[in-house]
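J.: Dropping a structure here in structure tokens format, bear with me for questions.
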Amino acid sequence: MSKEYYTTIGLEIHAELNTKSKMFCGCKNDPDEEKPNVNICPVCMAHPGTLPVINKKAVENVIKVGLALGANIADFTEFDRKNYFYPDIPKAYQISQYKFPIVSGGNLKGVDITRVHLEEDTATSKHDRGDYSLVDFNRAGVPLMELVTEPVIHSAKQAGEFGRELQLLLRYLGVSEANMEKGEMRVELNISISEDPKVLGTKVEVKNINSFRAMERAALYETKRMAKLLDEGRGNEIIQETRGWDENKQSTFSQRTKENANDYRYFPDPDLPKLFLNKIFDIKKMQSELPELPEQRRNRYRNDYRIKDEDIESYITDKELGDWFEKVATVFLQGISSSGEAERDDSLAKIRTASNYITSDYLGLKKNNMEVRLPSEENFAELINMVNDNKISSRGAKDILVMIVLNDESPKKIAEEKGMIQNHDEGTLKEIVQKVIDANPNVVATYKSGKENAIMSLVGQIMKESKGSANPQLVQKLLKELIK
């Protein structure tokens, strides 16, 4: 039986910053460029005699991230040369930061941050030509933010939650799209296990991770792999190395032994000036101008709208949807006085109903139809008011929703034109109810024998007979009265 082991994880996350130009030259920063080697120049191609110039916007973006993390922003920072030779590094060194990162400390989702620094991205190697590779230098020199966490994560699930929250944060700040499928955000996993929670085991780094789900699977795989080696007395086979993640095999594989900082021979880049950030930027003003961040928005939605946490996550993840939901909520809340507690409760009930329709029905339609668009908040609120006032059935509301997300118009007008307004006239409905009772003696007998659910079959037939206009609650009431 396997012993109990404690997992410790630290993350290194790279995110490309969405500046107009590259980190040290004026070339276009365009992640969507498909033609190879068009966004290049003598600087990012490392031609002799060329000199780099720092992209101020990229530095500003990293400071924003630091402020959002509640971290320390350095007064003094500098760039260093990280020396190593690889085909995707045109200079044979990468301009990065070592001793003096822009950001240190901070916390996100309960995970402590070690540092956030700025560097240039590498080129892209293409290995799809059989027996040789090609290099596309469009990405070489793109501003790249690297965030390093403390080794304080203790499960694959927690690692995934942190990565997703960081991705959201970068998008809310507007500093990176952080699309993993485009390579704009890349995750490296540092993981170890040990029997003693106070002692770290031998650290293994896992690369080639292209999604948060893959990161979680890689963490679980490595945990099991190392636990098996320890159980079998082969702990000496766990070495400090870099491993890759094979998505097809759902397993890791050894790539190389892990380098140490000394192997890179860091030294300050002599071609770039030292930076004193408080002289260049108004840090206090930047702090005051930060947008509402994901966790702040979550708390506001809980307090102001009292909707389900699952609904809140839908709005946090899809900011456009969240902004539209707020407009819908505003329609219901407008005009309520500060003392109108009953009015407010009624409005909040409508907001919860609206949220249910948005997160289940609307998102379901959107998933199956790319042509679906958000209707105006006024028309959607009108639909919810009709549901709340029992003017249309739940089925009718779903049908009208399909219509207004394809062609935004008044739900009331649609309901009137298509005869979907619920009929509350007992006299008219009694005739239909009696007709259905007379036509279904076997169902009526089943209901009378004690199987009360049988009545729903009759309700369905009455709704069909009335073309959906009958009020279901009233129908059930009349059925029970007429079936003696």
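The values are calculated or read from the model by the stated rules, or taken from the named source; none is laboratory data. This structure is a prediction, so every number in the text was calculated from the model and none was measured. Ideal geometry is used to build each Cβ from the backbone, glycine not excepted, and the neighbour counts take in all protein chains shown.
J.: When you go through 146, 120 one by one, which is the residue that is touching a Gly at 6+ places or on another chain (Cβ under 6 Å), within 22 Å of residue 28 (Cα to Cα) and not hydroxyl-bearing (Ser, Thr, Tyr)?
T.: 120
J.: Right, another one. Yes or no: residue 430 outside the structural domain of residue 475 (by TED's automatic domain parsing) and either assigned to a helix (DSSP H, G or I) or surrounded by 11 or more Cβ atoms within 10 Å (Cβ to Cβ) (or both)?
T.: no
J.: At least 1 residues that are hydroxyl-bearing (Ser, Thr, Tyr) in each: list the strands (runs of 3 or more DSSP E) lying fully within the range 1-120 that qualify.
T.: Answer list for the range 1-120: 6-16, 93-96, 111-120.
Matching residues to (1) more than 14 Å from residue 142 (Cα to Cα); (2) at pLDDT below 95; (3) of a type outside the set (Gly, Ala, Ser); (4) over 25 Å from the mean Cα position of the chain (by Cα):
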position: 69; (1), (2), (3), (4): yes, no, yes, no
position: 84; (1), (2), (3), (4): yes, yes, yes, yes
position: 87; (1), (2), (3), (4): yes, yes, yes, yes
position: 97; (1), (2), (3), (4): yes, no, yes, yes
position: 113; (1), (2), (3), (4): yes, no, yes, no
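J.: For the range 248-269, give me the residue count where each residue is over 28 Å from residue 99 (Cα atoms), among the charged types (D, E, K, R) and surrounded by 15 or more Cβ atoms within 10 Å (Cβ to Cβ).
T.: Adding up the residues that qualify gives 0.
J.: Continuing with the same structure: Out of all the residues in the range 310-331, which are hydroxyl-bearing (Ser, Thr, Tyr) and either at pLDDT below 95 or surrounded by fewer than 14 Cβ atoms within 10 Å (Cβ to Cβ) (or both)?
T.: Answer for the range 310-331, where residues must be hydroxyl-bearing (Ser, Thr, Tyr) and either at pLDDT below 95 or surrounded by fewer than 14 Cβ atoms within 10 Å (Cβ to Cβ) (or both): just 330.
J.: In the range 394-427, which residue that is in a loop (DSSP other than H, G, I, E, B) and buried (at least 20 other Cβ atoms within 10 Å of the Cβ) is modelled with the lowest pLDDT?
T.: That would be 422.
J.: Restricting attention to the range 43-54, does a residue exist that is assigned by TED's automatic domain parsing to the domain that holds residue 267, without any contact (Cβ under 8 Å) to a residue 12 or more places away in the chain and of a type in the set (Gly, Ala, Ser)?
T.: Scanning the range 43-54 turns up at least one residue that is assigned by TED's automatic domain parsing to the domain that holds residue 267, without any contact (Cβ under 8 Å) to a residue 12 or more places away in the chain and of a type in the set (Gly, Ala, Ser).
J.: When both residues are 6+ apart or on different chains and their Cβ atoms are under 7 Å apart, which pairs have a first residue that lies in the range 171-199 and is touching a residue at least 12 places away in the same chain (Cβ under 8 Å) and assigned by TED's automatic domain parsing to the domain that holds residue 13, and a second that is part of a loop (DSSP other than H, G, I, E, B) and among the aliphatic types (A, V, I, L, M)?
T.: What qualifies is 171/178; 172/293; 175/17; 176/17; 184/178; 185/178; 192/200; 194/200.
J.: In the range 138-159, is there at least one residue being more than 25 Å from residue 255 (Cβ to Cβ) and assigned to a helix (DSSP H, G or I)?
T.: Scanning the range 138-159 turns up at least one residue that is more than 25 Å from residue 255 (Cβ to Cβ) and assigned to a helix (DSSP H, G or I).
J.: Moving on. I need the full set of residues from the range 181-192 which are more than 13 Å from residue 245 (Cβ to Cβ) and either of a type in the set (A, V, I, L, M) or assigned to a strand (DSSP E or B) (or both), in order please.
T.: Within the range 181-192, 185, 190, 192 qualify.
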